[in-house]
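A quick write-up on the structure given underneath.
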Amino acid sequence: MSQILIQSVLLDDERVDILIQENIFQKIAKEKTLSVSDPNSVIIDGSHFAIVPAFYNTHTHAAMTFCRGLSDDVPLKIWLEKYIWPREASLTPEDVYIASRYAILEMIRSGTVFFADMYWFRTETALAARELGIRASIGVTFADLLKKDFEENCQFVEENLADYSGRVQLAIAPHAIYTNSAETLKRCAEISERFLLPYHIHVAETEHEERGSVTPTQGLSPVEFLDSLGVLSERTVAAHLVHVSEKDLQILAKRKATCAHNPCSNMKLSSGTFQMKRFLEHGIRVALGTDGAASNNNLDMREEMKFASLLAKMTSGDPTVLSATDTLKMATRNGAEAFGLNAGVIAEGKLADALLLNLGEPCFATGDVVSNWVYAANSSVIDTVICDGKLLMRHREISDSEEIERDFRNRFSSRS
Ligand SMILES: [Zn+2]
């Protein structure tokens, strides 16, 4: 049986011992009270560390690390049509595998243990996630306008569902209303409901998105249109939702959909102003995502937290909106819950995912740990990353990292 004992670590404001057994937080008790008898157990002296939940990135396109920094400072439509889609047209499965591994390395270094992906060559991204020990929701991407593979996708889901039942799972991912017909959006919802899989989709990222809809929306907003098709539910994870009306918010709350908020990508593409306070007032679950590295331009969820909180305060004119504690919850527990994971909290019985933060770093010298984690730190303060009861990073070392970086540079870098 695999066991990790973390001794005298700071959890909230208390020093505790934490026993991880297999992939679960088995026992949390007062410090210096727990022990292990198995000589193969890993014992970590936690006295210099705080333990916090790891990050759950609810919207990304991992393999897009290959086009980071290649097409900045242009509007979304031009960005997609002129730069991204032409490059993606010549991508090979091996490209996606190499770029996904590189992305996952960056995620682990910055404390992420789960990512919800939407891209091409899903089996290569899934393989990279399995190999590197991270959790993933691998989107089966539907985009009528770009690729007509509806039946093939459905067949893939039916045939592979059993292989995607553990750490790496599937989601149904219709790309958007401007790439899919109403018929496809509805049939995707049927598959999502039949197999109880998340329905992951871009919604209302840009103003007047409905004007580009494949099926005319007859004057309905993107959210109203999706609701008229009957596809919104508690399984829906809608990325962006930048342009929403009061009626849209009421619909999202009623359907118990989750919003995957991507503050950095939205700001960089100047997509519009996300109305965090209004989402919170409606009780809509908001989680955080980075979007792809081509529009962020990194996969660092700690940065996403800070941007989310500052943006919420600025747009509302209210500094009390989105406290550090609430922001951390958004980046951790809310994301885990949206994808049906019993995780995102350091508590007995939960999946053993966590970060150890180095309290010796200057940003932790004064004040509250969570406040400093959200507002003052950067991801280099993460010493250890634990996912599913396994040590993915210890003292900032990750196995195979040199090989992963070398493969990526050999494939994609124009620099020696
Ligand atoms: Zn996206």
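Values for this structure:
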{"read-out": "Subset tally (residues that are over 27 Å from SER137 (Cβ atoms) and not aliphatic (A, V, I, L, M)) for region 327-379", "value": "12"}
{"read-out": "Qualifying residue in region 184-207 (condition: at pLDDT below 95 and more than 15 Å from the ligand (Cβ to nearest atom))", "value": "yes"}
{"read-out": "Where SER309 falls short, out of the listed (1) over 16 Å from THR58 (Cα atoms); (2) surrounded by fewer than 20 Cβ atoms within 10 Å (Cβ to Cβ)", "value": "(2)"}
{"read-out": "Residue list for region 145-169, restricted to those being without any contact (Cβ under 8 Å) to a residue 40 or more places away in the chain and among the hydrophobic types (A, V, I, L, M, F, W, C)", "value": "PHE150, CYS154, PHE156, LEU161, ALA162"}
{"read-out": "Region 351-378: number of residues that are buried (at least 20 other Cβ atoms within 10 Å of the Cβ), closer than 19 Å to ALA287 by Cα and of a type outside the set (A, V, I, L, M)", "value": "2"}
{"read-out": "All positions within region 165-199 that are out of contact with any Ser or Thr (no Cβ under 9 Å at 6 or more places or on another chain), under 21 Å from ARG135 (Cα atoms) and either open to solvent by less than 10 Å² (accessible area, probe 1.4 Å) or not in a loop (DSSP other than H, G, I, E, B) (or both)", "value": "SER165, PHE195"}
{"read-out": "Long-range neighbours under 7 Å by Cβ, at least six apart or interchain, first residue touching a residue at least 12 places away in the same chain (Cβ under 8 Å) within region 232-246, second away from the ligand (no atom under 16 Å from the Cβ) and among the acidic types (Asp, Glu)", "value": "HIS243/GLU207"}
{"read-out": "Flag if THR236 is more than 14 Å from the ligand (Cβ to nearest atom) and of a type in the set (Ser, Thr, Tyr)", "value": "yes"}
{"read-out": "All positions within region 132-150 that are open to solvent by less than 10 Å² (accessible area, probe 1.4 Å) and small (Gly, Ala, Ser)", "value": "ALA136, SER137, GLY139, ALA143"}
{"read-out": "Residue ID - least open to solvent (accessible area, probe 1.4 Å), chosen from residues in region 87-118 that are outside any helix (DSSP H, G or I) and closer than 18 Å to ARG409 by Cβ", "value": "LEU91"}
{"read-out": "Residue within region 234-246 that is open to solvent by 10 Å² or more (accessible area, probe 1.4 Å) and under 17 Å from CYS188 (Cα atoms) present", "value": "yes"}
{"read-out": "Matching option when the condition is in contact with a Pro (Cβ under 9 Å, 6 or more places away or on another chain) and acidic (Asp, Glu), among ASP407, ASP353, ASP400", "value": "ASP353"}
{"read-out": "Residue tally, condition of a type outside the set (S, T, N, Q) and under 18 Å from HIS59 (Cβ atoms), over region 212-247", "value": "15"}
{"read-out": "Of residues in region 330-340 being assigned to a helix (DSSP H, G or I) and either open to solvent by less than 30 Å² (accessible area, probe 1.4 Å) or not charged (D, E, K, R) (or both), the one farthest from the ligand (Cβ to nearest atom)", "value": "ALA336"}
{"read-out": "Criterion (of a type in the set (Val, Ile, Thr), assigned to a loop (DSSP other than H, G, I, E, B) and assigned by TED's automatic domain parsing to the domain that holds SER265) met by exactly one of THR327, THR320, THR366", "value": "THR320"}
{"read-out": "Complete set of residues in region 209-219 that are open to solvent by less than 80 Å² (accessible area, probe 1.4 Å) and free of Cβ contacts under 8 Å to residues at least 12 places away in the same chain", "value": "GLY219"}
{"read-out": "Residue match in region 145-153 (condition: assigned to a helix (DSSP H, G or I) and closer than 26 Å to ASN410 by Cα)", "value": "no"}
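Each row is one residue, and each column tells you yes or no for (1) closer than 25 Å to VAL203 by Cα; (2) in contact with a helix residue (DSSP H, G or I) (Cβ under 8 Å, 6 or more places away or on another chain); (3) not basic (Lys, Arg).
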residue	(1), (2), (3)
LEU11	no, no, yes
VAL16	no, no, yes
LEU19	no, no, yes
LYS27	no, no, no
PRO39	no, no, yes
ALA63	yes, yes, yes
LEU76	yes, no, yes
TRP79	yes, no, yes
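The values are calculated or read from the model by the stated rules, or taken from the named source; none is laboratory data. Just so it is clear, the structure is predicted and the values come from calculations on it, not from any experiment. For neighbour counting, all protein chains shown are included, and Cβ atoms are generated from backbone atoms with ideal geometry for every residue, glycine included. What goes into the accessible areas is simple: the full protein's heavy atoms, side chains included, and nothing from ligands, DNA or RNA. Shrake-Rupley method; radii C 1.70, N 1.55, O 1.52, S 1.80 Å.
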